[in-house]
Every structure is written in structure tokens, then in C-alpha cells.
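Asker: Shown below is the structure under consideration.
The values are calculated or read from the model by the stated rules, or taken from the named source; none is laboratory data. Since the structure is predicted, the reported quantities are computational estimates derived from the model, not experimental observations. Positions of Cβ are generated from backbone atoms using ideal geometry, with glycine treated the same way; all protein chains shown enter the neighbour counts.
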Amino acid sequence: MAKIEVKDIVSWNDLINGYSQLGTPKSSSLVMKLFKLMRKENTFPDAHTFPRFFSAASIFMDPFCGQQAHPLAIKTTCCSDVFVNSSLLNTYCKCGLICDVCKLFDRMPERNSISWATMISGYAMHRFAGYALEVFRMMTWLEKEDVNEFMVTSVLSGVTLPEFIDIGKQIHCLAVKNGLLSVGNAVVTLYAKCGSLAYALQMFELLSEKNSITWSVMITGYALCSDGEKALKMFSDMHFSGMRPSEFTLVGLFNACSDVGATVEGK
């Protein structure tokens, strides 16, 4: 990396934020290098710096970087910031450091929708269904956390396995109760991936706007359940709706064709 002359923390943050927003492995690597370079220049990171650094560490699933920077966040009193804690929580979750996740979450002086969603989807990611459900109940019953679209879609994306269907149903009910109709596509994806295609179809038909992912999930869901005819019918409906299929759609379609022996349609 070329020599960079940066005067203060604001300049460092502008530079780090610019690379962080790209969200690629290469840009994330540069974020981590800039963070270390900043420390060599005796500039202390602040509450704007740490979330970018932890986000970069989570892309590489590098727990060591997160664990190294955590004491520095405490030293600079940034660990009182909910966004700093939530970003570190996400890094620990992605790296599978469940013990560190629990300790950090318990010590957080403040939690927001990102913290709760990260905690629930993190447990689900590592197949701790009981813990995920416990945190969900704590969030809704004890903390009375406001439920929003980001929280619901984040949690639903993390519980798309058959063993988490009960959690998914409760979150679906919570979304309906709070009038979050915009999460319908995420709900369809949940039920389809969990194999509950009757629920998925019911929600699918209620959607006023369907995207390519929703159609693809339904087609793949039917194919995985060895119901090739319904998958082909769904693809036909998708075609007539004017929605273009993606690569993911075509994979599901080919599986459906092989299931019913429709080699001509597959070609």
C-alpha cells in the first residue's frame, strides 16, 4: 500500500468508510490494513471506525482480529456504543465463537434491533435452535423491543432449516401483528426452504409483488420435495408473469425436469 498522509481521525474514518462500503474481500483487506496503519500513526479509532473494522473481519471470518481489537474498543470507551458492540457481535457469530457471543451480549449496556437479530440468526446459523428461540422470546416478551422490517427479514434469513420452523412461524405471526406486510417474500422463502410448501404457497398467492427469488424458491422447493409437476407449473406461471428466471431458478427447474423425466422440457 502506498504511503498515505492522513491528519486526524475524521480523515482516517472517511478513508476506511470508503473502502468498507465496497464490501468486497479486497476492500475489506484494505480496511484492516488501514486500521493497523492508523494505530501505528498513534491515532485512536472511535465509534465510527470499529464497526467498519469488525465488518471487514467478519467477511474474512477472522476471529483473531476481532478479539485483538475488542480490548482497544474497551480502552477507548467505544464498547458503550451499541453499533460497535453489534458489529463485534456479528463478527463473533460468523466465526462461531458462541461463548464470546454470549459474554458480549450479556455485557452490552444497550441493545438494538441489529443486536437482537444478529444474536438470533447467529444461534440459528450454528444450529442452536433452543438458544435462538430463547433469545427471540426474551426480545419480544421481556425487552419489548420494537419489531421492524430489518429485524424480521434478518432473523427469517437465519432460520431457514426444518428444525427452526417453529421459530419462523412465531416470527411470521409477529410480523403480521406489527403490520409488516413487506416481509412477505422472506416468509415465503422460510416456508419453502423448510419444506412447508402448503404454507409457502398460501403466502405466495397473497403477495402483491413477487420477485425472482420468491419464484425460484418455490420452484426449487417443489423440486426438492420430488413434486416436479408443480415445479414446472410454477415455472410456466413465472414465465407468463414476465419475470425473467435466474441461474438459481434454472437449477431448480432442471431438478424438477429430472424428477418427472421431462428431458424435452429440460432441453
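Asker: Look through Ala198, Ala231 and report the one residue that is assigned by TED's automatic domain parsing to the domain that holds Ala124 and over 28 Å from Met138 (Cβ atoms). So that I can check it myself, show each step before the final result.
Answerer: Details: Ala231 fails: assigned by TED's automatic domain parsing to the domain that holds Ala124.
Unique residue meeting the criteria: Ala198.
Asker: What is the number of the single condition among (1) within 16 Å of the chain's Cα centre (by Cα); (2) part of a helix (DSSP H, G or I); (3) more than 23 Å from Trp215 (Cα to Cα) that Asn185 does not meet?
Answerer: (3)
Asker: Scan the range 204-218 for residues that are modelled with pLDDT under 90 and either more than 21 Å from the chain's Cα centre (by Cα) or over 20 Å from His239 (Cα atoms) (or both) and jot them down.
Answerer: Leu206, Leu207, Ser208, Glu209
Table: residues versus (1) assigned by TED's automatic domain parsing to the domain that holds Glu149; (2) within 18 Å of the chain's Cα centre (by Cα); (3) surrounded by fewer than 20 Cβ atoms within 10 Å (Cβ to Cβ).
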position: Val10; (1), (2), (3): no, no, yes
position: Arg39; (1), (2), (3): no, no, yes
position: Pro51; (1), (2), (3): no, yes, no
position: Phe64; (1), (2), (3): no, no, yes
position: Thr77; (1), (2), (3): no, no, yes
position: Gly96; (1), (2), (3): no, yes, yes
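Asker: Now for a separate question. With respect to the numbered conditions (1) aromatic (Phe, Trp, Tyr); (2) assigned by TED's automatic domain parsing to the domain that holds Met243; (3) over 30 Å from Cys257 (Cβ atoms), which one is the sole condition not fulfilled by Phe136?
Answerer: Tallying (1) aromatic (Phe, Trp, Tyr); (2) assigned by TED's automatic domain parsing to the domain that holds Met243; (3) over 30 Å from Cys257 (Cβ atoms), Phe136 fails exactly one: (2).
Asker: Could you run through the range 16-25 and say how many residues are surrounded by fewer than 17 Cβ atoms within 10 Å (Cβ to Cβ) and at pLDDT 85 or above? Outline the logic, then answer.
Answerer: Let us first name the residues in the range 16-25 that are surrounded by fewer than 17 Cβ atoms within 10 Å (Cβ to Cβ), namely 17-18, 21-25.
From what is left, the residues that are at pLDDT 85 or above are 17-18.
Matching residues across the range 16-25 total 2.
Asker: If we scan the range 139-149, do we find a residue that is within 18 Å of the chain's Cα centre (by Cα), surrounded by fewer than 20 Cβ atoms within 10 Å (Cβ to Cβ) and modelled with pLDDT under 85?
Answerer: yes
Asker: Got at least one residue in the range 124-134 being hydrophobic (A, V, I, L, M, F, W, C), crowded, with 21+ Cβ neighbours inside 10 Å and modelled with pLDDT under 85?
Answerer: Kept after step one, since they are hydrophobic (A, V, I, L, M, F, W, C), are these residues of the range 124-134: 124-125, 128-129, 132-133.
Filter once more, keeping what is crowded, with 21+ Cβ neighbours inside 10 Å: 124, 132.
Checking the rest, the ones that are also modelled with pLDDT under 85 come to 124, 132.
Scanning the range 124-134, I find at least one residue that is hydrophobic (A, V, I, L, M, F, W, C), crowded, with 21+ Cβ neighbours inside 10 Å and modelled with pLDDT under 85, so the answer is yes.
Asker: Within the range 1-108, considering only helices (runs of 4 or more DSSP H) that don't extend past its boundaries, which have at least 3 residues that are under 27 Å from Met139 (Cα atoms) and not hydrophobic (A, V, I, L, M, F, W, C)?
Answerer: Working: elements: 9-20, 25-40, 49-59, 63-75, 82-94, 98-107.
Here the list reads 49-59, 63-75, 82-94, 98-107.
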